[in-house]
Amino acid sequence: MITYVPVLLRDRPRHLQIILGGVIPVIFGAVAGILIGVSAGAYWAWSIFAGIGGFIAGFEHRDGWGGADRGFFGGLFYGTALLVTHAIVGTHAKVSLGSFPPFLVVITAIIGMFLSAAGGRIARAEREHLGLQERPEPD
C-alpha cells in the first residue's frame, strides 16, 4: 500500500508558506473576480476548483484547527482579491454579490475555514490510523 503524507506547511521554507498561504489564494481570487463578470458557469466552476484546493490545503496541517486558521485567511485573501479585481475590471457581475458586496469576504473566509478544517481533520485521522508520530511544535 502506497501512502502519501504531505509535508506540513510549518515545515516548509517561509517563502513557500507565503506563496501557498497567501499568494495562491490571491491569484485564485483575482481569476474569480474576472470570471464573475464573464460567465456564471465559469465563475462557479472556478469557485468549486478553489474550494477543492482549500480542502486539500488542510492536509498540510496537524489537525483541523491549523487547517481552519489557514482556510480562514486564505478565504479572506481570496474574497478580497475577487472584489478588488472585479472592481478594477469593471464588468457587470453575472452572479449576485448581494446587497453589501464586502460581506462576500466574510463568506469566503468562513467557507475556506470549514473546508481547510475538514481537510486537516481528515489528514490527522489518517496519520493516526497509520500510526505516524507527530513532531512536537517548535519553540
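Any read-out appearing in this document is the output of simple, stated calculations on the displayed coordinates, not a laboratory observation. This one's a predicted model, so the numbers in the text were calculated from it and none came from an experiment. Cβ atoms come from the backbone with ideal geometry, glycine included; neighbour counts cover every protein chain shown.
What's the extension gain from ALA87 to ILE56 if we count 0.36 nm per residue and subtract their Cα-Cα distance? Each step should come with its number before you reach the end.
Working: separation 31, 0.36 × 31 = 11.16 nm, distance 2.92 nm.
Full-extension gain reported as 8.2 nm.
For region 13-91, the C-alpha radius of gyration sits at 1.12 times the compact-globule guess of 2.2 N^0.38 Å, with N the residue count. Between helix 40-57 and the chain, what is the angle of the helix's C-alpha long axis to the longest principal axis, kept within 0 to 90° and rounded to the nearest 10? For helix 40-57, the angle is close to 20 degrees.
Dipole magnitude for region 22-130: about 100 debye, using +1 per Lys or Arg Cβ and -1 per Asp or Glu Cβ, origin at the Cα centre.
Which percent of the Cα-Cα distances in region 1-134 go past 23 Å?
Result: 35 percent of Cα pairs exceed 23 Å.
Normalising by the residue count of the chain, find the relative contact order in percent from Cα pairs under 8 Å and 6+ residues apart.
So the answer I get is 33 percent.
Per-peptide packing, taken as the mean over residues of other Cβ atoms within 10 Å, places 114-127, 65-78, 34-47, 85-98 in the sequence 65-78, 114-127, 34-47, 85-98 from highest down. Per DSSP H run of at least 4 residues, take -39500 (n - 2.57); add these up for the chain, divide by its residues and hand me the 222 nm value, nearest 500 deg cm²/dmol. One gets -21500 deg cm²/dmol as the mean residue ellipticity at 222 nm. If the segment from PHE49 to LEU130 were pulled out straight at 0.36 nm per residue, it would be longer than the present Cα-Cα gap by 26.3 nm. Maximal additional length on extending the ILE19-ILE107 stretch stands at 29.4 nm, based on 0.36 nm per residue less the C-alpha distance. Within the listed set ILE107, ILE19, ILE27, the residue fluctuating most in the Gaussian network model of the chain (springs between alpha-carbon atoms under 10 angstrom) is ILE19.
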